[in-house]
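Asker: I have a structure I would like to understand better, so I am pasting it below and will then ask my questions one at a time.
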Amino acid sequence: MKKKGIFIAAVAFFVLAAVVISDFFYSHNTSADFLAMNTTVSLDVTGFHSKEAVERIKSEIIRLDEKLLSRTKHTAEIYSVNNGKTEISDELKGILEYLKQLEKDSGGAFCTGIAQLTDLWGIGTENKQLPDKEEISAAIKNHEKWQINDNNVILPENVKLDLGAVGKGTACDYAKDILSAHKCKEAVVAVGGSVLLYGSEKYQVGIRNPLGEVNEYCAIIEAAQGCISTSGNYERYFEDENGNRYHHIFDPSTGYPADSGLLSVTVIAESGTASDALSTACFVLGIEKSLALFEKYNADAVFITTDKEIITTFGEFESETITVTNNNYSLGDINE
Ligand code: ADP
Ligand code: MG
């Protein structure tokens, strides 16, 4: 009896030791902040290999920007494609094929081929302007007709690609693969307005008050794993002498800043690229026309309307919940 007692005590000790040791290893935490993709990236990773994971995520996001997606850095494939090169790598092909599908599914509300329009308006640059109607019509000619054929991109005349609406979400997807390869336990990766929540914990994420200051929230959502991206009319814009605001999310069918009764759209999806592209697309489409996209991409959204209503697609049994924290806003019903 005594021997059995000692044996059980020894097993219990080893189990306890194993739990303590694994907890010690898994609770290694590494953080980093740096600039990439013209925005701030911040990483907070927990896991035994968190240091290696953080270093790798940093170098991959910088590579993604400098070697693939940037349209201003001469080293990037998109820059080369926009300047006459047709052949692309398998890696870029995979990304562009996914974007082509998103373009089709959104009925063209999201469109990668609008670089000419973005440049014409110049919002967020020194050359911002309200262009002539004729210039706008010319800039949206054939923008949706770019194609991928094997490892070649074919651009119609005057059409160039702009991945500004999705790069940050794609960076979150790259980060997710690295976190999983390094067996990390928990992580929050923020690339500008796209945030990856990784692990089993539930996180509280503030939704920015579109009419307030940079760090002011108007609601808090509680969400588990996934990527959350927000597009809003407050991010980059200019105002004319009459107070009309011209912002940086364009309706590709008109060539003008989208005006669908929204101040911002936040999309939560498993894919970072989808959450980023959909937040832009839904900002253009407005609430009703966006709904079919959420089913297809297994996504959810929080819309903030110009009437200061906050409307979510969260179902009764879904894991996400929302709390409105600013009295100027009220929770609306998606079915009304
Ligand atoms: P941000 O880049 O500020 O986080 P978004 O993700 O909504 O915001 O992306 C906006 C950027 O995407 C614009 O600056 C422009 O480069 C590009 N863009 C604007 N309108 C569209 C659109 N309808 N489809 C695809 N890209 C767009
Ligand atoms: Mg976006």
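Asker: For segment 129-181, divide the Cα radius of gyration by the Kirkwood radius and give the resulting Rg/Rh value with two decimals.
Answerer: That ratio equals 1.17.
Asker: Another question, then. Provide the per-residue ³J(HN,Hα) series for segment 177-186, in order, calculated from phi with Karplus coefficients 6.51, -1.76, 1.60 and θ = phi - 60°, each as a whole number of Hz, with x at glycine and proline positions.
Answerer: 4, 5, 4, 6, 5, 9, 6, 6, 8, 9
Asker: If you count, for each residue, the other Cβ atoms within 10 Å and average over each peptide, how do 158-169, 324-335 line up from highest to lowest?
Answerer: Listed from highest to lowest mean packing, they are 158-169, 324-335.
Asker: Loop-only check: which GluC sites (Glu not before Pro) in segment 233-276 are DSSP coil with at most 14 other Cβ within 10 angstrom? Mind dumping the intermediate values first?
Answerer: On the way: sites: Glu235, Glu239, Glu241, Glu270; in loops: Glu235, Glu241, Glu270.
Of the GluC sites (Glu not before Pro), the ones in loops of segment 233-276 whose Cβ has at most 14 other Cβ atoms within 10 Å are Glu241, Glu270.
Asker: On to the next question. Based on the Cβ-Cβ distance of Thr125 and Glu316, what FRET efficiency does E = 1/(1 + (r/R0)^6) give at R0 = 45 Å, to the nearest 0.05? Provide the component values of the computation, followed by the final result.
Answerer: Values: r = 45 Å, r/R0 = 1.00.
After rounding to 0.05, the efficiency reads 0.50.
Asker: How large is the dipole of the chain about the Cα centre if only Lys and Arg carry +1 and Asp and Glu carry -1, each at its Cβ, rounded to the nearest 20 debye? Write down the numbers at each step before the final one.
Answerer: Numbers: 30 positive and 49 negative charges, 306 e Å.
Charge dipole, the chain, about its Cα centre: 1480 debye, nearest 20.
Asker: A follow-up question, please. What Kirkwood hydrodynamic radius, in Å, does the chain give when the mean of 1/r is taken over all pairs of distinct Cα atoms and then inverted? Don't jump to the answer; show the numbers that get you there.
Answerer: Values: mean 1/r = 0.0466 Å⁻¹.
Result for the chain stands at 21.5 Å.
Asker: Further, regarding this structure: Kindly write out, for segment 80-85 in residue order, the coupling ³J(HN,Hα) from the Karplus curve 6.51 cos²θ - 1.76 cosθ + 1.60 (θ = phi - 60°), rounded to whole Hz, with x marking Gly and Pro.
Answerer: Per-residue couplings from phi come out as 5, 4, 5, 10, x, 6 Hz.
Asker: Of Lys93/Lys185; Lys58/Lys296; Lys67/Lys202; Lys93/Lys176; Lys67/Lys168, which sit over 24 Å apart, Cα to Cα? Provide the component values of the computation, followed by the final result.
Answerer: Numbers: Lys93/Lys185 31 Å; Lys58/Lys296 31 Å; Lys67/Lys202 34 Å; Lys93/Lys176 20 Å; Lys67/Lys168 15 Å.
Going by Cα-Cα distance, Lys93/Lys185; Lys58/Lys296; Lys67/Lys202 fall outside the 24 Å limit.
Asker: Hand me the GluC sites (Glu not before Pro) from segment 145-206 located in a DSSP loop with no more than 13 other Cβ atoms within 10 Å, in residue order please. Intermediate results must be reported in sequence, preceding the final value.
Answerer: On the way: sites: Glu157, Glu186, Glu201; in loops: Glu157, Glu201.
When the GluC sites (Glu not before Pro) of segment 145-206 are filtered for loop state and at most 13 Cβ neighbours within 10 Å, Glu157, Glu201 remain.
Asker: Hey, another quick one. Using a Gaussian network model of the chain whose springs link C-alpha atoms within less than 10 Å, name the residue from Asp307, Asp259, Asp173 with the highest mean-square fluctuation.
Answerer: The residue that fluctuates most here is Asp307.
Asker: What does the net charge come to around Ala224 if you take all other residues with beta carbon closer than 15 Å to its beta carbon, with K and R at +1 and D and E at -1?
Answerer: Numbers: positive: Lys176, Lys185, Lys202; negative: Glu186, Glu201, Glu222, Glu270, Asp300, Glu318, Glu320.
Here the charged neighbours net out to -4.
Asker: For Cys111, what is the net charge nearby, where nearby means another residue's Cβ is under 13 Å from its Cβ and Lys, Arg count +1, Asp, Glu -1?
Answerer: Numbers: positive: Lys100, Lys104, Lys141, Lys145, Lys160; negative: Glu103, Asp105, Glu144, Asp162, Asp251.
Computed value for this residue: 0.
Asker: Can you tell me, using C-alpha contacts under 8 Å and at least 6 residues apart, the relative contact order of segment 45-166 as a whole percent? Please report the intermediate quantities before stating the final value.
Answerer: Working: 127 pairs, mean separation 28.8, N = 122.
Relative CO of segment 45-166 lands at 24 percent.
Asker: Whole number in Å², please: accessible area per residue of the chain, 1.4 Å probe, ligands, DNA and RNA not counted. Write down the numbers at each step before the final one.
Answerer: Numbers: 17430 Å² over 336 residues.
I get 52 Å² per residue for this part.
Asker: Next question, about the same structure. Around Gln204, under 15 Å between beta carbons, what's the net of Lys plus Arg minus Asp minus Glu among the other residues? Before the final figure, lay out each step's value.
Answerer: Values: positive: Lys202, Arg208; negative: Asp44, Glu186, Glu201, Glu222, Glu320.
Local net charge: -3.
Asker: Enter the mean projected area of the convex hull around the alpha-carbon atoms of segment 54-172, in nm², rounded to one decimal.
Answerer: On the way: hull surface 32.2 nm².
Result: a mean projected hull area of 8.0 nm².
Asker: Among Gly47, Ala175, Leu102, which residue has its Cα positioned farthest towards the positive end of the charge dipole of the chain, with +1 placed on the Cβ of Lys and Arg, -1 on the Cβ of Asp and Glu, and the dipole taken about the Cα centre?
Answerer: Gly47
Asker: Based only on Cα atoms, what Rg/Rh ratio does segment 194-294 have, Rh being taken as Kirkwood's radius?
Answerer: Dividing the radius of gyration by the Kirkwood radius yields 1.00.
Asker: Output the direction-averaged projected area (hull surface divided by four) of the convex hull of the alpha-carbon atoms of segment 21-94, in nm². Don't skip to the end; give the middle numbers.
Answerer: Working: hull surface 23.4 nm².
Mean projected area of the Cα convex hull: 5.9 nm².
Asker: With θ set to phi - 60°, apply the Karplus curve 6.51 cos²θ - 1.76 cosθ + 1.60 along segment 328-336 and write out the HN-Hα couplings as whole Hz, x wherever there is a Gly or Pro.
Answerer: Using θ = phi - 60°, the values come out as 6, 10, 9, 7, x, 9, 5, 8, 9 Hz.
Asker: Carbon and sulfur atoms: what percent of the 1.4 Å accessible area of the chain do they account for? Before the final figure, lay out the partial values.
Answerer: Details: 8680 of 17430 Å².
Using a 1.4 Å probe with all protein chains present, the chain comes out at 50 percent carbon and sulfur.
Asker: Dividing the convex hull volume of the alpha carbon atoms of segment 153-244 by its residue count, what do you get in Å³ per residue? Working shown, then result.
Answerer: On the way: hull volume 11.4 nm³, N = 92.
Per residue, the Cα convex hull of segment 153-244 comes to 124 Å³.
Asker: Here's another thing I want to ask about it. Using the alpha-carbon centroid of each, what span in Å lies between segment 155-215 and segment 24-101?
Answerer: Value for the Cα centre distance between the two parts: 11 Å.
Asker: Let me ask another. Report the label-to-label distance for Leu35 and Asp150 in nanometres (one decimal), using points 7 Å from each Cα along the Cα→Cβ vector.
Answerer: Distance between label points: 4.2 nm.
Asker: Moving on. Scan around Ala301 for amide H atoms under 5 Å from its own, H built in the peptide plane at 1.01 Å from N, and keep only partners 5 or more places away or cross-chain.
Answerer: Ile268, Thr313, Phe314
The values are calculated or read from the model by the stated rules, or taken from the named source; none is laboratory data. Predicted model, so just to flag it, every value in this text is computed and none were measured. Positions of Cβ are generated from backbone atoms using ideal geometry, with glycine treated the same way; all protein chains shown enter the neighbour counts. Areas reflect the complete protein model, heavy atoms only, side chains present, ligands, DNA and RNA absent. Shrake-Rupley method; radii C 1.70, N 1.55, O 1.52, S 1.80 Å.
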